[in-house]
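Take a look at the structure set out below.
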Amino acid sequence: MTYSQIYILLLVLILVPGIVAQIRVSSAIRKYSRIPSRSGKTGAEVAAEIMQDAGIYDVTIQQANSFLGDHYDPTKKTLVLSHDVYNSDSVAAIGIAAHEAGHAIQHKNAYAPLQARMAVVPATMFVSQALPLIVIGGFFFRIPMFINLGIIAYTVIVLFQLITLPVEFNASARAKRILQQSGIARTDEMVGVNHVLNAAAMTYLAALIAAAAHLAWLILASRDRR
């Protein structure tokens, strides 16, 4: 395989998995956001109930206006739900809310991968802020210094994405188990919950593939330059 063919393959790996993953998650959320859960509980109520049952009383639930902006911030002990999840009783909403509550449970239990991700976050944020300059200098102009900086930056990002996978998969597994065992979601509703959470999990896998492809691109560019 020639260098040109390898570069084309890496470009495909950078672009395609993320696009496919986003289409899948958007489609799943759009579909199951139209189906109300029979519990009648909103995402905010589900998250609060799950955390209360887990003995978590010091986490604040907040509403955000951004689409798919749902996340748990362990540094502030804040569970943030997008407007459509916070106020909705849909199958998609209760699944997403339960997933984020799963992160709060991970934090309470000192789940090792979450602790590791928290430790890597500062370095990841630092290199992410430098990425625009690195992309211009390394990917477009192939300036040696920026190629080397890019290799370091994407090594950190790949490490972060690797650690993120078990964190996200475990939170989804917790959410599915809790929703079913608690009776918040019925057996037939779990089909929708599974579709939404599985599609969301694929976005993290796609992010890892893209980061690894960026890293491989820069390593190849470094060797090609030599």
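The values are calculated or read from the model by the stated rules, or taken from the named source; none is laboratory data. Because the structure is a prediction, the values reported are computed rather than measured. No Cβ is skipped: glycine too gets one built from the backbone with ideal geometry, and neighbour counts run over all protein chains shown.
Below, the figures for the structure above:
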item	result
Count - residues of the stretch 129-168 that are within 17 Å of residue 217 (Cβ to Cβ), part of a helix (DSSP H, G or I) and either in contact with a Lys or Arg (Cβ under 9 Å, 6 or more places away or on another chain) or in contact (Cβ under 8 Å) with a residue 60 or more places away in the chain (or both)	9
Residue in the stretch 15-28 that is modelled with the lowest pLDDT, counting only those that are surrounded by fewer than 19 Cβ atoms within 10 Å (Cβ to Cβ) and among the hydrophobic types (A, V, I, L, M, F, W, C)	15
Cross-chain or 6+ apart pairs with Cβ under 8 Å, the stretch 26-40 first and under 16 Å from residue 179 (Cβ atoms), then surrounded by fewer than 13 Cβ atoms within 10 Å (Cβ to Cβ)	39/183
Test: residue in the stretch 88-101 that is in contact (Cβ under 8 Å) with a residue 40 or more places away in the chain, under 26 Å from residue 166 (Cβ atoms), surrounded by fewer than 19 Cβ atoms within 10 Å (Cβ to Cβ) and out of contact with any helix residue (DSSP H, G or I) (no Cβ under 6 Å at 6 or more places or on another chain)	no
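So that you can scan it fast, the table gives a plain yes or no per residue for (1) touching a strand residue (DSSP E or B) at 6+ places or on another chain (Cβ under 7 Å); (2) within 16 Å of residue 168 (Cα to Cα); (3) buried (at least 19 other Cβ atoms within 10 Å of the Cβ):
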| residue | (1), (2), (3) |
| --- | --- |
| 43 | yes, no, yes |
| 60 | yes, no, no |
| 70 | yes, yes, yes |
| 82 | yes, no, yes |
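Results for (1) closer than 17 Å to residue 25 by Cα; (2) surrounded by fewer than 22 Cβ atoms within 10 Å (Cβ to Cβ), shown as yes or no for each residue.
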residue	(1), (2)
171	yes, no
181	no, yes
185	no, no
190	yes, yes
196	yes, no
201	yes, yes
205	yes, yes
